[in-house]
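Note sheet for the following structure.
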Amino acid sequence: MNNRQIFKCILLSITLIYQSFAFAEQNQGKYIHEKQLSNGLRVIVKEDHRSPTVAHMVWYKTGSVDEDIGVTGVAHVLEHMMFKGTKTIGPGEFSKRVAALGGRENAFTSNDYTAYFQQIEKSHLAKVMQLEADRMHNLELSEEEFKKEIQVIMEERRLRTDDKAPSLLYEQFMATALNSAPNRHPVIGWMNDLKNMSYKDARDWYDSWYTPKNAVLLVVGDVNPNEVFAMAESIYGKIPAKEIKERKLKLEPVQQGRKYFELSAPAENSVVMLGWKVPKIENGQFNNNDPFAIDVLTGILDGNQNSRLNRQLVIDKKIVSSIGTSYDGFSRGQSMLNISGVLLPGKTPEMFESEVKRILKEIAQNGVKPEELKRVKIAVNAAQVYKKDSVFGQAMEIGELEMHDISWRQIDTIDEKLQSITSEQVQEVVKKFINDSQLTVGVLKPITLKKASSN
């Protein structure tokens with residue numbers, strides 16, 4: 001078979017797999033259950049009886065977008081401190097106890113939320129609930145432990161950002177593109193803020209946001225919903241209700257012209273990043289098709305080897321060695337459509353920017369081909385299928401939506417909206433939003449470090 005025939009077979013296989021899940025998804029209301037405890041904690045349970053395992057997650061609707069200048073990174077710092085002991089267990093004991101149960105656990109912080117999870121055999125669910133509820137209410141924040149952990153976090157920043165030129169470029173890109181939107185600051189925080197942070201800053205963050213009313217408990221796996229609700233009531237329900245502080249909107253002002261910056265850092269190749277301010281889903285409402293059309297646009301530009309950017313700029317014209325596109329329509333900050341490429345020797349940032357704009361202009365003028373739309377929509381179906389492969393993936397999908405005020409009941413609606421997007425709608429969002437008045441360009445210019453001379 002030729003490549004086109006192979007691709008059609010793959011698409012057919014994915015479609016058939018997706019159809020096998022369709023009936024269950026149409027009836028997902030029978031398998032997902034929700035209840036709110038008297039202290040404000042929302043509990044969502046999804047049944048999946050394929051194996052005797054459970055994913056237990058607590059999501060707090062607080063992340064770096066809620067931080068103030070001077071304490072950037074504190075949401076992530078507190079995530080680390082949540083493993084440093086409570087009034088009942090010592091530092092590191094949480095992880096040891098989960099490991100002793102044969103489970104795995106971790107946590108993550110984003111712009112919009114912070115989440116903690118354990119994946120365990122179902123008979124141990126009550127034990128991990130006890131551990132998580134304990135640190136929701138009884139966290140001990142000592143100055144001694146804080147001083148040790150802040151050094152770990154600063155080293156993490158050095159390894160992941162300061163010593164990696166592409167990461168530095170992205171960090172500077174967001175800080176340049178955005179003036180006041182809260183996601184202009186890195187999740188890990190600026191180094192100067194980390195150096196000057198105290199354990200009291202972490203304590204203030206914990207007291208402000210870590211409360212049942214600002215959290216969602218997710219349990220996905222081989223469980224009985226009523227038993228889980230009763231368990232949650234007896235364990236989490238004991239935590240006192242507490243109001244959260246008022247969130248203040250930090251809106252991005254209208255950009256009125258192209259922005260450009262250069263960053264010099266040790267690197268092998270030059271990297272160019274282009275980004276446009278674009279709309280997002282607002283307040284969990286789906287009445288605006290633009291975010292869904294932009295999502296489809298990203299798949300058309302950069303979905304596989306045959307997508308427009310890769311085919312034209314990597315394979316045909318050999319301007320870049322690799323290219324990437326990103327867009328997040330679920331954001332509490334300012335959404336951006338970003339396109340970045342690693343330049344090949346002899347190619348210039350101007351060539352890359354010009355070619356990307358040419359490709360986008362073609363879409364604005366002529367729309368997209370039916371086969372391109374079909375490919376993207378089948379990929380959307382496939383992504384949904386893959387999420388169902390694990391209880392953890394299912395919990396992640398629900399949690400991320402809930403943190404953006406989108407109910408699990410709307411999961412199918414999201415897919416339907418994406419499937420309904422037309423060529424004309426993709427064409428229209430390019431015309432409306434992809435222009436120089438909303439554009440930021442960042443260029444990484446490589447510098448070579450001198451090698452130490454040998455004796």
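The values are calculated or read from the model by the stated rules, or taken from the named source; none is laboratory data. Keep in mind it's a predicted model, so treat the numbers as computed, not measured. Here the Cβ is made from the backbone with ideal geometry for all residues, glycine too, and neighbour counts use every protein chain on show.
A few comments on the model shown:
- Complete set of residues in the stretch 398-410 that are buried (at least 18 other Cβ atoms within 10 Å of the Cβ) and either in contact with a strand residue (DSSP E or B) (Cβ under 8 Å, 6 or more places away or on another chain) or closer than 19 Å to Glu47 by Cβ (or both): Ile398, Gly399, Leu401, Glu402, Met403, Trp408
- Test: residue in the stretch 340-351 that is at pLDDT 95 or above, surrounded by fewer than 22 Cβ atoms within 10 Å (Cβ to Cβ) and among the polar types (S, T, N, Q): yes
- Residues of the stretch 243-279 satisfying the condition of being in a loop (DSSP other than H, G, I, E, B), within 22 Å of Ile319 (Cβ to Cβ) and not polar (S, T, N, Q): Arg258, Ala267, Glu268
- Ile69 passes every criterion in (1) buried (at least 20 other Cβ atoms within 10 Å of the Cβ); (2) at pLDDT below 95 apart from (1).
- Filter pass, Gln425 being assigned by TED's automatic domain parsing to the domain that holds Val296, over 30 Å from Asn269 (Cβ atoms) and at pLDDT 95 or above: yes
- The residue that is modelled with the lowest pLDDT, among those in the stretch 72-108 that are of a type in the set (S, T, N, Q) and more than 17 Å from Glu143 (Cβ to Cβ), is Thr88.
- The listed residues are Lys213, Lys200, and the only one of them that is in a helix (DSSP H, G or I), among the basic types (Lys, Arg) and closer than 18 Å to Met57 by Cβ turns out to be Lys213.
- Qualifying residue in the stretch 262-282 (condition: without any contact (Cβ under 8 Å) to a residue 40 or more places away in the chain and over 17 Å from Phe173 (Cα atoms)): yes
- From Ala133, Ala177, Ala115, residue being modelled with pLDDT of 95 or more, within 24 Å of His404 (Cα to Cα) and more than 23 Å from the chain's Cα centre (by Cα): Ala133
- Among the residues of the stretch 330-353, the ones that are more than 24 Å from the chain's Cα centre (by Cα) and not in a helix (DSSP H, G or I) come to 6 in all.
- Checking each residue in the stretch 411-424 for being farther than 30 Å from Val45 by Cα and either under 17 Å from the mean Cα position of the chain (by Cα) or crowded, with 19+ Cβ neighbours inside 10 Å (or both) picks out only Ile421.
- Flag for Ile120 being part of a strand (DSSP E or B), more than 30 Å from Gly329 (Cα to Cα) and touching a residue at least 12 places away in the same chain (Cβ under 8 Å): yes
- Residues located in the stretch 70-112, provided they are in a helix (DSSP H, G or I), within 30 Å of His185 (Cα to Cα) and basic (Lys, Arg): none
- When Ala379 is tested against (1) in a loop (DSSP other than H, G, I, E, B); (2) under 23 Å from Ile294 (Cβ atoms), exactly one condition is not met: (1).
- Failed condition for Val380, given (1) within 28 Å of Arg104 (Cβ to Cβ); (2) of a type outside the set (Phe, Trp, Tyr); (3) at pLDDT below 95: (1)
- Residue ID - surrounded by the most Cβ atoms within 10 Å (Cβ to Cβ), chosen from residues in the stretch 232-242 that are among the charged types (D, E, K, R) and in a helix (DSSP H, G or I): Glu233
- Test: residue in the stretch 93-102 that is surrounded by 20 or more Cβ atoms within 10 Å (Cβ to Cβ) and closer than 27 Å to Ile244 by Cα: yes
- Looking across Gln438, Gln419, one residue alone is among the polar types (S, T, N, Q) and either in the same structural domain as Gly103 (by TED's automatic domain parsing) or closer than 27 Å to Val271 by Cβ (or both). It is Gln438.
- Restricting the stretch 243-254 to residues that are touching a residue at least 40 places away in the same chain (Cβ under 8 Å) and either of a type in the set (Lys, Arg) or in the same structural domain as Thr176 (by TED's automatic domain parsing) (or both), the residue that is surrounded by the fewest Cβ atoms within 10 Å (Cβ to Cβ): Arg247
- Flag if Asp405 is outside any helix (DSSP H, G or I), of a type outside the set (Gly, Ala, Ser), modelled with pLDDT under 90 and within 20 Å of the chain's Cα centre (by Cα): no
- From the list Val430, Val368, Val443, the one residue that fits, being surrounded by 19 or more Cβ atoms within 10 Å (Cβ to Cβ), among the hydrophobic types (A, V, I, L, M, F, W, C), within 25 Å of Gln285 (Cβ to Cβ) and touching a helix residue (DSSP H, G or I) at 6+ places or on another chain (Cβ under 8 Å), is Val430.
- If you go through the stretch 305-329 and pick out every residue that is part of a loop (DSSP other than H, G, I, E, B) and either closer than 29 Å to Asn111 by Cα or small (Gly, Ala, Ser) (or both), you end up with 3.
- Complete set of residues in the stretch 171-219 that are more than 26 Å from Glu243 (Cβ to Cβ), touching an Asp or Glu at 6+ places or on another chain (Cβ under 7 Å) and surrounded by fewer than 21 Cβ atoms within 10 Å (Cβ to Cβ): Asn179, Ser180
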